[in-house]
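Some notes on the structure that comes next.
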Amino acid sequence: MTKRIVALAGDGIGPEIMESALAVLKAATQSTDFDYEVENELFGGSAIDATGTPLPSETLTACKQADAILLAAIGGPRWTQAEQTPEKGLLALRKALQLYANIRPIKVADSLIHLSPLKPEIVLGTDFVVVRELTSGIYFGEPRAKEVQQAYDTNRYTVEEIERIMHQAFVIARGRKKQVTSVDKANVLATSQLWREVAEQVAKEYPDITLEHQYVDSAAMKLVTNPTAFDVIVTENLFGDILSDEGSVLPGTLGVLPSASHSVAGASLYEPIHGSAPDIAGKNCANPVSMVLSVAMMMRQSFQEEGIAKRIEDACYNTMEKGILTPDLGGKATTQQMTQAIIDEVSNVATIA
Ligand code: NAD
Ligand code: IPM
Ligand code: MN
């Protein structure tokens, strides 16, 4: 069966890195049985410009009918003041597709520790996963309002919402080092107190997994002073957003971090953790690796194509090892040059294998 992949290129560097990712996908699947078609849809600021809304109904319908969704990035200074923003479209898409489990792996290959701004002895062996709750918490809680003299948001979690993200974390830990760190602010927040209680309850179903709790402030510190102490971090929407961007310090750039978002049923969505990088958009210097590694996650997690996923990942790491790097990693390669190098690697590996 031909797989339907919906591609949402979005704004800023989005179209540049989406082009890279689709070119690598094409190269990596050539002379394999994997058969797919790509459907490009409007999303984000470019959709606002074209249709007045960041998530047009055709885009949502296409996503609902897709086997997997690739999203590059949305947003930019042009749309921040408007009633309709690209960010609202992104949150609406996550909610509509019930993409509650956002998986953000942060791994630093031994051969690439020199790219980190941190000391090699701190970074060596870094390999953890942030499991971020994505469709609830303060991002979605009601009431919320911005009034003239005050503004407020509501952080709300139900037991069911905490349970299902905990199960994701424990299952992932089972395939790894069997250690879950639940990150909260239970010394202050009611939502975090419930979060901790539910984590303890769910942990009883996974006696082979160790559960520990950390407060988010101290976890933020340990993430960059002792990153190898983590295996699976599970946390609420806002904390996961912040901690995963902080985690990008370890590999040295946001430009290499992919993610996968899963729902209860229905297609998963794959996207870099970073945004549309307006400061470098249109300059052919964005790092394509975050988007290319998102494609690898898609091949593994949506299509069970482990071989193709591994080939794409190896191609990215080999390219970086050879010093073919975009400026965010201190190199001089353009987006297109780095993409071509990854394609050459994918093709090499494909021929040898
Ligand atoms: P950002 O993640 O876009 O950029 C932060 C910094 O990282 C910038 O200096 C940027 O140049 C750099 N960077 C990010 N990706 C890179 C890449 N692939 N290669 C090289 N450098 C890269 O965050 P921001 O500037 O705070 O936000 C810009 C816009 O993106 C905002 O509108 C924001 O809301 C949006 N955003 C969207 C998403 C998404 O689409 N999922 C995620 C985060 C932010
Ligand atoms: C991310 C982004 C989004 C978030 C924004 C753009 C709404 O920062 O995907 O990490 O906060 O979830
Ligand atoms: Mn973010």
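The values are calculated or read from the model by the stated rules, or taken from the named source; none is laboratory data. The structure displayed is predicted, hence computed values, not measured ones. Ideal geometry is used to build each Cβ from the backbone, glycine not excepted, and the neighbour counts take in all protein chains shown.
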Scan the stretch 16-75 for residues that are under 19 Å from residue 300 (Cα atoms), assigned to a strand (DSSP E or B) and in contact with a Pro (Cβ under 8 Å, 6 or more places away or on another chain) and report the count. 1
Condition (residue is away from ligand 1 (no atom under 11 Å from the Cβ), of a type in the set (Ser, Thr, Tyr), in contact (Cβ under 8 Å) with a residue 40 or more places away in the chain and surrounded by fewer than 17 Cβ atoms within 10 Å (Cβ to Cβ)) applied to the stretch 220-227: is it met by at least one residue? yes
Of all residues in the stretch 259-301, which are among the small types (Gly, Ala, Ser) and under 21 Å from residue 60 (Cα atoms)? 259, 260, 261, 263, 265, 266, 267, 268, 275, 276, 294
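With the stretch 236-353 as the region, which helices (runs of 4 or more DSSP H) entirely inside it contain at least 1 residues that are within 16 Å of ligand 3 (Cβ to nearest atom)?
Qualifying helices (runs of 4 or more DSSP H): 237-247, 289-301.
Determine, yes or no, whether residue 342 is under 24 Å from residue 104 (Cβ atoms) and of a type in the set (A, V, I, L, M, F, W, C).
yes
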Hey, could you check the stretch 242-255 for residues that are crowded, with 19+ Cβ neighbours inside 10 Å and over 17 Å from residue 124 (Cα atoms) and say which is farthest from ligand 1 (Cβ to nearest atom)? 243
Pairs returned, first residue in the stretch 194-209 that is under 17 Å from residue 235 (Cβ atoms), second residue that is basic (Lys, Arg), beta-carbon separation under 6 angstrom, 6 or more apart or interchain, are 209/178
Within 30 Å of residue 26 (Cβ to Cβ), near ligand 1 (Cβ under 10 Å from one of its atoms), surrounded by 19 or more Cβ atoms within 10 Å (Cβ to Cβ) and not assigned by TED's automatic domain parsing to the domain that holds residue 6: which single residue out of 259, 290, 276 fits that description? 259
From 135, 85, which residue is within 16 Å of ligand 2 (Cβ to nearest atom), farther than 16 Å from residue 239 by Cα and hydroxyl-bearing (Ser, Thr, Tyr)? 85
Taking the stretch 156-191 and keeping only residues that are free of Cβ contacts under 8 Å to residues at least 24 places away in the same chain and small (Gly, Ala, Ser), one is left with 175, 190
